Structure formats: C-alpha cells, structure tokens
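Let me begin by presenting the structure, written as structure tokens, before commenting on it.
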2 protein chains.
Amino acid sequence: MTKVRIFVTYKQSVFDPQGETITEAVHSLGHNEVKEIKVGKFFDVTIDSREKEVGESVKEISEQLLVNFNLETYRYEIMEED
Amino acid sequence: MTKVRIFVTYKQSVFDPQGETITEAVHSLGHNEVKEIKVGKFFDVTIDSREKEVGESVKEISEQLLVNFNLETYRYEIMEED
C-alpha cells in the first residue's frame, strides 16, 4: 500500500475569500504577527500500487473528481510506501 | 517572515463522512486500487517572527480559531523561514 497526500489549493490568481475572512478574524483577536492566511484542503489516499501505478491513479482521480481545474491546482507527496 | 502549514484533521475516533463519500465516488469511477480517502484542511500562515515566537502564535490561533478540539486535531510544519 502507498499513502499519498494530495494538496488542493486555489490558483495564485484566484481570490481566497475564506482565507481572507480567517485572516481578519485572527487580527481581531490581536494576532498582528499574522500577515496572511491561505486555506487549502488535502486528501490522504491509500492506493494499492500492485493494482495501478500510483502517479497515474493520483492524476486520474484528481482530474476526474478532486480538483476543479478552473479555480484550483494540486500537487502530491508520497507519505508512506511499502 | 516564516511560513507555516497547519494541518487540521479529524481525530482517529471521529467518522469522516466526506472522505467516505469521496471514496465511494472514486470506486464508482472504477478506481478499485484506491482503498481509503481521508479529507483534511490546511492553513498556510505567514507570521512575522520578530513580533511573536512562531510556535506560540500557531498554538494560540489554532486553539482560538482554527481547530475544533472536540473533533479535530492539528500539527504544523515550517515551510519557509528567513
């Protein structure tokens, strides 16, 4: 089994309203040391690499389901392999 | 400026309905190589470490705002430091 973490973030050019709101909330709590907060999501995916090559599987599920390519981009990291 | 990534996940004991639903959707697309998907969110936080110690800042904003300790847990990684 291989565990990968797929990170999905807004593209640079896309406004992140949730991040903006959280930054404001953090400032209102007095944390002026915080300059920016951006929000993203991640998916921890366990893949049986005997059934399919991991990179190919990640690419397919990202394109078919996990990522909205109009607004978002993704990258992934192998977390565990055996 | 220091950039940290704060990862927020459900505790082990807490059911992750979104992850379960996505796993089912991925299976219905024929990806039987995928055994499990768990969902989490992350916050990329830029902190001015001259104003406050980074670990302390992360702990405070996590406790005060970002993490629901009833259901969730967090860890963080330093991404960039200067």
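Selection of the stretch A:58-67 for residues being of a type in the set (A, V, I, L, M) and open to solvent by less than 20 Å² (accessible area, probe 1.4 Å) yields A:VAL58, A:ILE61, A:LEU66, A:VAL67. Taken over the stretch B:10-28, the residue count meeting the criterion of being in contact with an Asp or Glu (Cβ under 8 Å, 6 or more places away or on another chain) and closer than 14 Å to A:VAL45 by Cβ is 2.
Taken as a whole, the condition of being without any contact (Cβ under 8 Å) to a residue 40 or more places away in the chain, open to solvent by less than 80 Å² (accessible area, probe 1.4 Å) and either within 11 Å of chain A (Cβ to nearest Cβ) or touching a Pro at 6+ places or on another chain (Cβ under 8 Å) (or both) does not apply to B:GLY55. Of all residues in the stretch A:58-79, those satisfying the criterion of being within 11 Å of chain B (Cβ to nearest Cβ) and out of contact with any strand residue (DSSP E or B) (no Cβ under 8 Å at 6 or more places or on another chain) are A:GLU60, A:GLU63, A:GLN64, A:LEU65.
Residues that are among the polar types (S, T, N, Q) and more than 14 Å from the chain's Cα centre (by Cα) do not occur anywhere in the stretch A:71-79.
So, of the residues in the stretch A:1-45 that are of a type in the set (Phe, Trp, Tyr) and facing chain B (nearest Cβ under 10 Å), which turns out to be surrounded by the fewest Cβ atoms within 10 Å (Cβ to Cβ)?
A:PHE7
In the stretch B:30-50 there is at least one residue matching the filter, namely being free of Cβ contacts under 8 Å to residues at least 12 places away in the same chain, within 21 Å of A:PHE7 (Cβ to Cβ) and acidic (Asp, Glu).
Condition first: more than 19 Å from B:LEU71 (Cα to Cα), of a type in the set (Ser, Thr, Tyr) and modelled with pLDDT under 95. Now tell me which residues in the stretch B:1-52 satisfy that. Within the stretch B:1-52, B:SER49 is the sole residue that qualifies.
Screening B:LEU65 with (1) in a strand (DSSP E or B); (2) modelled with pLDDT of 95 or more; (3) not hydroxyl-bearing (Ser, Thr, Tyr) gives one miss only, at (1).
The values are calculated or read from the model by the stated rules, or taken from the named source; none is laboratory data. Keep in mind the model is a prediction, meaning the values are calculated, not measured. For neighbour counting, all protein chains shown are included, and Cβ atoms are generated from backbone atoms with ideal geometry for every residue, glycine included. Heavy atoms of the whole protein, side chains included, go into the accessibility calculation; ligands, DNA and RNA do not. Shrake-Rupley method; radii C 1.70, N 1.55, O 1.52, S 1.80 Å.
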